[in-house]
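Engineer: Below is the structure I would like to discuss, written out as structure tokens.
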Amino acid sequence: MTRLTLDQTKVTDKGFVYICKHLPRLLSLGVEGCQITDHGLTEGALQLGNLQELDLGSKLITDAGVIAVVKYLVGLTDLTLVCCLSITEACIEAILKTLPSLTHLGIDDCVQITEEAIEKLRDNAVAAISFF
């Protein structure tokens, strides 16, 4: 299996880590609306070195978790962050600097990131940035 979407399910850290450990060849993973924290995200990401696409959405994830994870997932080409209420502009800057292969970054309902900040980041970004 190379693609898995678990959006809007009751997956928590324990389930996320289990999935990552047992499906290390995943290329695409969707976990929007799941109850995953920084700890679970980081522990699971250690297993997903082949991942190219990640759709992530959890109110429990912070800048620290996302920044830690992108260091392990340097092959990501597509990253979407949905309803990550604690994510800030500094995190987006770190993502753009850390992921050289990133071609698309989607941001939806991340309330601490403004449209103005995205416009500023678009000027210097290689990746296309979508702001919903």
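Engineer: I'm trying to understand the selection: among the residues of region 29-77, which are closer than 16 Å to Thr9 by Cβ, open to solvent by 10 Å² or more (accessible area, probe 1.4 Å) and among the small types (Gly, Ala, Ser)?
Structural biologist: Listed by number, the list holds a single entry, Gly33.
Engineer: Ok, one more. Would you call Glu93 at pLDDT 90 or above and open to solvent by 60 Å² or more (accessible area, probe 1.4 Å)?
Structural biologist: Values: at pLDDT 90 or above: yes; open to solvent by 60 Å² or more (accessible area, probe 1.4 Å): yes.
So Glu93 fits the description; yes.
Engineer: Considering only region 89-103, state which residues are touching a residue at least 12 places away in the same chain (Cβ under 8 Å) and not in a loop (DSSP other than H, G, I, E, B). Reasoning before the result, please.
Structural biologist: So the first thing to find is which residues in region 89-103 are touching a residue at least 12 places away in the same chain (Cβ under 8 Å), and the list is 89-96, 98-103.
Across region 89-103, the qualifying residues are Glu89, Ala90, Cys91, Ile92, Glu93, Ala94, Ile95, Leu96, Thr98.
Engineer: Would you kindly identify the helices (runs of 4 or more DSSP H) lying entirely within region 1-88 that contain at least 1 residues that are within 19 Å of Leu105 (Cα to Cα) and without any contact (Cβ under 8 Å) to a residue 40 or more places away in the chain?
Structural biologist: Values: elements: 13-22, 38-45, 63-72.
Those helices (runs of 4 or more DSSP H) span 38-45, 63-72.
Engineer: Which residues, counting only those in region 97-132, are more than 14 Å from Glu53 (Cβ to Cβ) and of a type in the set (Val, Ile, Thr)?
Structural biologist: Thr98, Ile107, Val111, Ile113, Thr114, Ile118, Val126, Ile129
Engineer: Which condition breaks for Phe132 when tested against (1) touching an Asp or Glu at 6+ places or on another chain (Cβ under 6 Å); (2) surrounded by 14 or more Cβ atoms within 10 Å (Cβ to Cβ)?
Structural biologist: If we test Phe132 against (1) touching an Asp or Glu at 6+ places or on another chain (Cβ under 6 Å); (2) surrounded by 14 or more Cβ atoms within 10 Å (Cβ to Cβ), just (2) comes out false.
The values are calculated or read from the model by the stated rules, or taken from the named source; none is laboratory data. Quick caveat: nothing in here was measured; it's all calculated off a predicted structure. All Cβ positions, glycine included, derive from the backbone under ideal geometry; neighbour counts span all protein chains shown. For the accessible areas, the whole protein counts, side chains as well, though only heavy atoms, and no ligand, DNA or RNA atoms are used. Shrake-Rupley method; radii C 1.70, N 1.55, O 1.52, S 1.80 Å.
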